[in-house]
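The numbers here are math on the coordinates, done by the rules we state, and not lab data. Here the structure is a predicted model, which means the values were calculated and not measured. Every residue, glycine as well, gets a Cβ built from its backbone with ideal geometry; the counts of neighbours run over all protein chains shown.
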Amino acid sequence: MRDHIPVVVQGTGRRARRAGLAGALWAAAELIVTAGVVVLLLVVHQVWWTNRQALAAARDEVHALERSWAQEPAVRPTPTPDPPSGEGATPAPEGAPEPAPEPKGEPGTGGEGGPGAGSGPGSDGSSAAGRGGEPPAREGSYAILRIPRLGVAVPVAQGIDKRSVLDKGYAGHYPGTAAPGARGNFALAGHRNTHGEPFRYINRLRAGDELIVDVRGERYTYVVGKVLAQTTERDTGVIAPVPRSSVRPDQGYTEPGAYITLTTCTPEYTSRYRLVVWGTLRR
C-alpha cells in the first residue's frame, strides 16, 4: 500500500501582504492615539494645571505681602513734583515682551506672554513703591490690585516679563508708567487665560466699579471710567500718561490726571487684539 504524503499549503503572497498592511495600519493607529494623548496632556497642563499653580502661588504672595505690611511700620514717602503732562509713550512687540523712561512693549497680554520686560521707575520719576517713594524693598511683588466686582486680589510686580511676572499669576506694571496714586498712568498687564488668569473677566467691569491698589501703608482707589473692548496689540496710546487710543482717537482721555489702565488679550485664548480698561483716581 502506498503511503499518503501530506501536502502543506503555504499562504499566498497576497495574504502575506494583507497581514503586513494590517500591521502597519495598527502601528500607525497606535502612534496617532499616543500623539493625541500627549497633546491632550499638554493642553491640560497648560490650561488647567499651570492655572491652578499660578493662582495658588499668587494667593500665597498676596497673603505674604499683607503679613509683611502688618509687621513693618508704614513709611510715608516724600512726594516729588508731578510729571509733565502729555501723551507720547511708545511701548514695542508681543512675545518680546528699551529706552527708559518710555513705556515699552505692546499694550497688554493674555495667555501668551507680554510686551516688554524688566522693571524701572515710573514716568514721573518716582518708583513703583508709592507716590514718589523708594523702590520696593521686597523682591518680586510690591502691591496688591483688588477688583471687588470680580473678587480678584492679585500681586503687582515691576515689569511685564512673561516668565518672571505674568506667568506667576501677577499683574505686571509697565516700565516707565506712573506709580500707584501718582499723576500719570499706572498701567498694568495680566493674563486673560492660563497662569492664574487674573484679568480673565475684566471685560465685565463697568463705569463706577472700583479698582483698589494697596501698597505698604497706602491705599489708592480708582474708579472705572471707560472700557475699550478691542484695539490692536501696537496701540501704544492706551498706556500713555494721558491714555488715549492711537488707533481709535475717540477712545480715551484728553486731560492730565491720575489714571489706571488694565490691559489683556482678546478674544479669549488668542492674542490677536487687546482689551483695555481705564479708571481715574478717586480724590
Review point. Got a sec to turn the phi values of region 51-65 into Karplus ³J(HN,Hα) couplings, 6.51 cos²θ - 1.76 cosθ + 1.60 with θ = phi - 60°, whole Hz, x for Gly and Pro?
Key: 5, 4, 4, 5, 5, 5, 5, 5, 5, 4, 5, 4, 5, 5, 4
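Among 275, 205, which comes first, then next, by fewest other beta-carbon atoms within 10 Å?
Lowest to highest Cβ neighbour count: 205, 275.
Translational D (Stokes-Einstein, µm²/s) of region 165-283 at 4 °C and 1.567 mPa s when Rh comes from the Kirkwood sum over C-alpha pairs?
Details: Rh = 14.2 Å.
The diffusion coefficient I find is 91 µm²/s.
At a Förster distance of 25 Å, what's the computed FRET efficiency of residue 219 paired with residue 52, Cβ-Cβ distance as r, to 0.05?
Working: r = 29 Å, r/R0 = 1.18.
With R0 = 25 Å, the Cβ-Cβ based efficiency is 0.25.
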Exercise for review: Could you list which residues have their amide H under 5 Å from that of residue 257, counting only those 5 or more apart in sequence or on another chain, with H placed in the peptide plane?
Suggested key: 184
Point to revise | Semi-axis lengths (Å, descending) of the ellipsoid that matches the C-alpha gyration tensor of region 230-283 | key: 21, 13, 7
Check your understanding: Applying the Karplus parametrisation 6.51 cos²θ - 1.76 cosθ + 1.60 with θ = phi - 60° to the phi angles of region 142-156, what ³J(HN,Hα) value in whole Hz is obtained for each residue in order, glycine and proline being reported as x?
Key -> 9, 8, 10, 9, 10, 10, x, 4, 9, x, 9, 9, 10, x, 10
Point to revise | For region 195-256, the spread of Cα positions along each principal axis, largest first, Å | key: 37, 31, 21
Review point. Which residues in region 205-237 place their backbone N less than 17 Å from a point set 7 Å from the Cα of residue 254 along the Cα-to-Cβ direction?
Key: 226
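With a Förster radius of 35 Å, plug the Cβ-Cβ distance of residue 226 and residue 71 into 1/(1 + (r/R0)^6) and report the FRET value to the nearest 0.05. Display every interim value, and only then the final one.
Numbers: r = 39 Å, r/R0 = 1.10.
It comes out at approximately 0.35.
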